[in-house]
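Here the structure comes first, spelled out in structure tokens, and everything after it is commentary.
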């Protein structure tokens, strides 16, 4: 799987929840019908970490600040099926 984004907010039919990550199948790529949502605790092994620079560091800082202010307003989603 390849990470698409962090902090995905989705409505799974029971209201909005957030997941730590969304991903697509690798090497197939993005398909709207096959987006996977999961959390940090669902990751067994990281195979590769992509390019990181000061923009990534700044994003993490902004995301952490946003999450501290807004994270409690949303329920964390749970993974119902393992792949």
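The values are calculated or read from the model by the stated rules, or taken from the named source; none is laboratory data. Since we're looking at a predicted model, the values are computed, not measured. Reconstructed Cβ throughout: ideal geometry from the backbone, glycine too, with neighbour counts over all protein chains shown.
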Would you confirm, using the coordinates I've provided, whether residue 52 is exposed (fewer than 11 other Cβ atoms within 10 Å of the Cβ), over 16 Å from the mean Cα position of the chain (by Cα) and assigned to a loop (DSSP other than H, G, I, E, B)? yes
Considering only region 1-19, state which residues are within 16 Å of residue 73 (Cβ to Cβ) and touching a helix residue (DSSP H, G or I) at 6+ places or on another chain (Cβ under 8 Å). 7, 18
Matching residues in region 11-49 (at positive phi and in a loop (DSSP other than H, G, I, E, B)) number 2
Just to be sure, is residue 42 modelled with pLDDT under 90, surrounded by 12 or more Cβ atoms within 10 Å (Cβ to Cβ) and out of contact with any strand residue (DSSP E or B) (no Cβ under 7 Å at 6 or more places or on another chain)? no
Within region 71-83, considering residues that are modelled with pLDDT of 85 or more and not in a loop (DSSP other than H, G, I, E, B), the one surrounded by the fewest Cβ atoms within 10 Å (Cβ to Cβ): 73
Pairs please, first residue from region 29-49 and touching a residue at least 40 places away in the same chain (Cβ under 8 Å), second anywhere and loosely packed, with under 10 Cβ neighbours inside 10 Å and in a strand (DSSP E or B), Cβ atoms under 9 Å, 6+ apart in sequence or on different chains. none
Residue 67 vs. criteria at pLDDT 90 or above and surrounded by 10 or more Cβ atoms within 10 Å (Cβ to Cβ): no
